[in-house]
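The values are calculated or read from the model by the stated rules, or taken from the named source; none is laboratory data. Remember, predicted model here, so these are calculated numbers, not experimental data. Using ideal geometry, Cβ is built from the backbone for each residue, glycine included, and neighbour counts are taken over all protein chains shown.
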Amino acid sequence: MQGTKRVKNPGKQRKKLFNAPAHIRHKLMSAPLSRGLTASRGAKTLPVRKGDTILIKRGDNKGFEGKVSRVDLKAFHIYVEGLTREKVDGTNIFLPIHPSKVEIRNLNLDDKWRKKILERKQAPTKKVEKPIAKSAKKAKKAPTNEEKPVTVTPVEEAASIVAEEQAQKMITVEPSKKTTAKKTTKKAPTTKKTEKEEGPKSRANPKASEKTDGGQ
């Protein structure tokens with residue numbers, strides 16, 4: 001079935017309205033039901049028909065209640081019994097009212113097709129229930145924000161203890177290395193002094209030996 005497109009041009013909208021077929025015109029003649037009827041019949045709106053009791057809600061004749069005497073589908077107007085005006089020549093004519101300005105107070109149910117429409121609207125809609133198994137699986141998969149208790153195995157406890165002991169050993173070993181390095185640096189200049197002191201003595205000995213050889 002071909003769908004109807006929305007039209008924004010006002011001229012095209014009027015053309016579409018006044019050239020509408022009878023089944024669409026019938027829907028455009030719908031009016032809201034009163035609260036009592038909506039509660040009892042289960043429908044919110046229905047097309048106005050001859051014999052319905054209506055109450056005018058807007059306009060100059062607001063508050064007037066009466067029976068619908070005629071429905072004009074061509075001009076989209078309804079005429080109510082008792083709502084007339086007098087012309088200049090003295091004749092009385094019915095005042096036309098648009099169905100959107102009225103509220104239906106009582107329905108004319110002489111038509112069997114209208115009864116079927118109300119029965120169809122009043123029938124409760126069946127809700128499709130999903131199987132419980134799928135919903136249970138979804139509940140299991142749903143993430144929970146609750147914090148889970150952390151379980152520590154004895155192997156992990158032992159490994160953590162060993163790691164702490166190794167860290168303590170590393171801390172104790174590092175200062176000992178620093179002290180030994182300082183000691184070695186202090187000993188180094190003493191060896192140099194001894195070499196300097198021994199140097200001139202060793203040089204003096206050969207001269208003394210030469211003198212002794214010359215004396216002889």
Worksheet entry | In segment 26-44, residue surrounded by the most Cβ atoms within 10 Å (Cβ to Cβ) [restricted to those that are touching a helix residue (DSSP H, G or I) at 6+ places or on another chain (Cβ under 9 Å) and charged (D, E, K, R)] | Arg41
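Quick check on segment 2-23. Is at least one of its residues over 28 Å from Asp111 (Cα atoms) and aliphatic (A, V, I, L, M)? Before the answer, list the steps.
So in segment 2-23, the residues over 28 Å from Asp111 (Cα atoms) come out as 2-16.
Now restrict to residues that are aliphatic (A, V, I, L, M): 7.
Scanning segment 2-23, I find at least one residue that is over 28 Å from Asp111 (Cα atoms) and aliphatic (A, V, I, L, M), so the answer is yes.
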Fill in: Within segment 4-23, considering residues that are outside any helix (DSSP H, G or I) and aliphatic (A, V, I, L, M), the one farthest from Arg58 (Cα to Cα)
Val7
Item to complete: Return yes when Asp52 is charged (D, E, K, R) and crowded, with 17+ Cβ neighbours inside 10 Å and no when it is not.
Response: yes
Worksheet item: What is the residue count in segment 83-107 for residues that are within 13 Å of Leu55 (Cβ to Cβ), of a type outside the set (A, V, I, L, M) and not in a strand (DSSP E or B)?
Response: 2
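Out of curiosity, is Lys141 at pLDDT below 95 and charged (D, E, K, R)?
Working: at pLDDT below 95: yes; charged (D, E, K, R): yes.
Spelling it out, Lys141 is indeed at pLDDT below 95 and charged (D, E, K, R).
Considering only residues that are touching a residue at least 24 places away in the same chain (Cβ under 8 Å) and within 24 Å of Lys27 (Cβ to Cβ), which ones fall in segment 48-67?
Residues satisfying the conditions are Val48, Arg49, Lys50, Gly51, Asp52, Thr53, Ile54, Leu55, Ile56, Lys57, Arg58, Gly59.
State all residues of segment 75-109 that are in contact (Cβ under 8 Å) with a residue 40 or more places away in the chain and of a type outside the set (A, V, I, L, M, F, W, C); if no residue qualifies, say none.
If we filter segment 75-109 for residues that are in contact (Cβ under 8 Å) with a residue 40 or more places away in the chain, which is where we start, we get 76, 78, 97, 99-108.
The answer is Pro99, Ser100, Lys101, Glu103, Arg105, Asn106, Asn108.
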Discussion item. Given the criteria in a loop (DSSP other than H, G, I, E, B) and at negative phi, does Val71 qualify?
Written reply: no
